[in-house]
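Below is one structure, written out as structure tokens; the observations come after it.
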Amino acid sequence: MTDAEIRALILELICDIAPEVDPASARDQDDLREIFDLDSMDFANLIVAIHDRTKIAIPEADYNKLFTLGGATAYVGEALARSAARAR
Amino acid sequence: MPALGADMEAGTLVEWLVKPGDRVKSGDVIAVVETQKGAIEVEVFAEGVVSDILIPVGERVPVGTVLAQIDGAGVAPPPVEPAIVAPKPALQALAEAPPRPTVAPQVSRRKITPAARRRAAALNLDLETILKGTGVEGSIRLADVEAGASVARPAPPLTRRGLDLSQMRQAIAAAMSRSKREIPHYYLAETVDLHLSLTWLEAFNADRPPIERILPAVLFLKAAALALREQSKLNGAYENGVFLPAAGIHVGWAIALRGGGLIAPAIRDTDKKTLAELMAAMRDLVERARRGNLRSSELTSPTITVTSVGDRGAESVTGVIYPPQVAIVGFGRVATRPWAVKGRVESRPLVTVTLAADHRVTDGHLGGLYLAAVARLLQEPEKL
């Protein structure tokens with residue numbers, strides 16, 4: 001997956017949780033919880049959804065790396081690259 | 001028409017899920033009614049065969065109206081503890097609810113973002129009337145829908161599927177005004193060190209996939225429920241001058257709805273459920289509360305309310321009791337602060353737990369014992 005695809009996927013998953021938001025307004029540096037008003041359960045559900053779609057491991061200790069859209073995109077990208085490297 | 005809250009006077013029947021001749025049993029969902037709190041699924045507490053549907057779809061009827069006739073075996077008593085006999089709240093001038101727009105889920109084959117689709121449905125706007133999408137590959141974005149709505153024929157008043165926020169606000173206003181008018185609240189607070197709880201939870205979550213992980217709020221909920229076993233006078237209803245203790249502990253879990261509003265459906269037998277079961281129940285309730293799929297019994301059976309503001313809320317929350325309940329427990333945001341441990345200052349995660357309770361039933365002494373029990377239970381998370 002390219003970064004653009006990962007970014008689009010994350011926004012799509014947020015739309016499932018918060019249907020009324022406009023994903024186009026998100027910037028990479030924005031805290032997803034703030035701009036989309038995600039509470040603790042919403043964010044937990046976002047992690048579940050990212051895990052289900054990408055199969056990457058996201059330990060709880062890493063949650064803070066996924067608070068921003070840019071951070072989440074980079075985190076998923078790196079995790080996918082690591083698992084691809086292991087597969088080879 | 002069931003009373004789905006202290007403040008409800010009438011409801012609109014929006015869907016029948018059974019027809020004459022159908023066999024029903026206790027717990028079956030037989031109809032959907034629209035209330036100020038959105039669409040609620042009505043369960044039946046009798047067993048038998050539906051012989052007659054008395055109220056047609058679209059009709060608004062007062063609480064207590066017979067909706068359908070069921071012939072057959074005995075009527076099981078509803079599993080709702082104290083029946084709610086609400087004194088008539090000040091009558092709100094309720095406009096006749098506008099007809100629910102028929103929402104076609106697959107409106108168009110054109111590309112459209114989920115937010116735009118839902119907004120269009122909320123506005124009852126035909127997507128074909130939007131000529132131009134400004135998103136990727138001409139897809140329709142939220143902004144296009146908004147623009148379309150302003151030029152298209154005047155849209156009917158906003159009727160988000162099953163939930164009208166101004167009606168929800170009226171329901172909250174009626175219940176909370178009644179609470180503040182009738183219930184002499186007293187308030188207590190206790191700061192609790194969560195070091196042990198959160199350390200235990202971190203280890204619990206570490207080797208589990210995301211879906212099985214548990215939020216700190218689940219520990220709060222369980223501790224609040226277990227402590228009620230020790231102080232049962234906080235668990236029940238105050239009606240017609242007497243306190244009616246509840247047989248079970250069914251915590252109403254306060255859920256903030258996106259866009260505004262609040263609802264606190266019950267998690268039955270909260271004290272008997274495991275942490276995993278409570279997490280699943282909470283996740284399920286949040287989802288159904290937002291979709292408008294709550295059941296009638298979930299709204300009528302809470303015996304106390306617990307609210308937790310989560311990690312982006314305020315440091316403490318002192319609730320307003322939801323009548324006819326007699327207490328509400330609040331958990332603020334977990335904040336890391338200096339805390340004295342064995343004569344030394346350490347950095348610790350702390351939570352402020354509050355209790356607002358009805359002085360007609362209990363006193364601050366008992367309330368203090370309750371908060372002390374919550375604090376003690378949170379020091380032994382492995383036993384929760």
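List the pairs from B:Lys233/B:Lys272; A:Lys55/B:Lys383; B:Lys273/B:Lys383; B:Lys272/B:Lys383 whose alpha-carbon separation is above 21 Å, in the order I gave them. Kindly include the intermediate steps, with their values, before the conclusion.
Details: B:Lys233/B:Lys272 18 Å; A:Lys55/B:Lys383 32 Å; B:Lys273/B:Lys383 12 Å; B:Lys272/B:Lys383 12 Å.
Table pairs above 21 Å Cα-Cα are A:Lys55/B:Lys383.
Maximal additional length on extending the B:Arg344-B:Leu165 stretch stands at 59.4 nm, based on 0.36 nm per residue less the C-alpha distance. Principal axis extents of the C-alpha atoms in chain A (largest first, rounded to whole Å): 41, 24, 20.
Please rank B:Leu234, A:Leu80, B:Leu198, B:Leu377, fewest neighbouring Cβ atoms within 10 Å first, as an exposure proxy.
On the way: B:Leu234 25, A:Leu80 15, B:Leu198 18, B:Leu377 22.
So the residues, fewest neighbours to most, are A:Leu80, B:Leu198, B:Leu377, B:Leu234.
Give me the inter-chain shielding for B:199-210: mean count of other chain Cβ atoms within 10 Å, whole number please. Don't skip to the end; give the middle numbers.
Values: counts 0, 0, 1, 3, 0, 1, 3, 3, 1, 1, 5, 14.
Per-residue shielding by partner chains comes out at 3.
Legend: mean number of C-beta atoms from other chains within 10 angstrom of residue C-beta atoms, peptide A:40-51, equals 5.
Computed from the C-beta positions of B:Glu239 and A:Ala81 and an R0 of 60 Å, the FRET efficiency is 0.45 to the nearest 0.05.
Partner aspartates and glutamates whose Cα lies under 18 Å from the Cα of B:Lys342, excluding those fewer than 8 positions away in the same chain, are identified as B:Asp193. Among the DSSP helices (H) of chain A, those spanning at least 24 angstrom by Cα along their long axis with an average Kyte-Doolittle hydropathy of -1.0 or more are A:69-87; this is a geometric and hydropathy rule only. Spin-label model, A:Ala24 to B:Val61: label points 7 Å out along the Cα-to-beta-carbon direction sit 4.7 nm apart.
Which order results if B:Leu67, A:Leu11 are arranged by neighbouring Cβ count within 10 Å, fewest first? Let's see the in-between values first.
Details: B:Leu67 19, A:Leu11 22.
Ranking B:Leu67, A:Leu11 by Cβ neighbours within 10 Å, fewest first, gives B:Leu67, A:Leu11.
Could you put B:Val63, B:Val374 in order, starting from the residue whose Cβ has the fewest other Cβ atoms within 10 Å?
Working: B:Val63 16, B:Val374 24.
Taking fewest neighbouring Cβ atoms as first place, the list is B:Val63, B:Val374.
Summing charges over neighbours of A:Asp3, with a neighbour being any other residue whose Cβ is under 13 Å away from its Cβ, gives -2 when K and R count +1 and D and E count -1.
With the cut-off at 1.5 for a/c, could you classify the stretch B:184-383 from its C-alpha gyration tensor as rounded, prolate or oblate? Because a/c hits 1.5 or more and a/b fails to exceed b/c, the stretch B:184-383 counts as oblate. For B:Ala68, the residues 5 or more places off, or on other chains, whose built amide H falls under 5 Å of its own are B:Leu54.
Could you compute the FRET efficiency for B:Arg181 and B:Arg229, with r as their C-beta to C-beta distance and R0 at 45 Å, rounded to 0.05?
According to the calculation, E is roughly 0.90.
In the stretch A:3-87, a dipole from Cβ-located charges (positive for Lys and Arg, negative for Asp and Glu) runs towards its positive end, and of A:Ala81, A:Ala8, A:Ser40 it is A:Ala81 whose Cα lies farthest in that direction. Relative contact order of chain A, taken over Cα pairs closer than 8 Å and 6 or more residues apart, is 38 percent.
Between the C-alpha center of the stretch A:11-88 and that of the stretch B:295-335 there is a gap of 29 Å.
Arrange the peptides B:295-308, B:177-190 so that the one whose residues have, on average, the most other Cβ atoms within 10 Å appears first.
Working: B:295-308: 24.5, B:177-190: 15.6.
Taking the mean over residues of other Cβ atoms within 10 Å, the ranking is B:295-308, B:177-190.
Straight-line cross-link partners of B:Lys180 among the aspartates and glutamates, defined as a Cα under 14 Å from its Cα and at least 8 positions apart when in the same chain: B:Asp7, B:Asp358.
How far is it, in nm, from the label point at A:Asp16 to the one at A:Asn64 when both lie 7 Å from their Cα along the line to the Cβ? Going from the A:Asp16 label point to the A:Asn64 one covers 2.8 nm.
Taking label positions 7 Å along the Cα-Cβ direction at both B:Arg288 and A:Asp31, the computed distance is 3.3 nm, reported to one decimal.
Quick note: the coordinates plus some simple rules give every number you see, no bench work behind them. What you are looking at is a predicted structure, and each value in this text was computed from that prediction instead of being measured. As a convention, Cβ positions derive from the backbone with ideal geometry for all residues, glycine included, and neighbour counts pool all protein chains shown.
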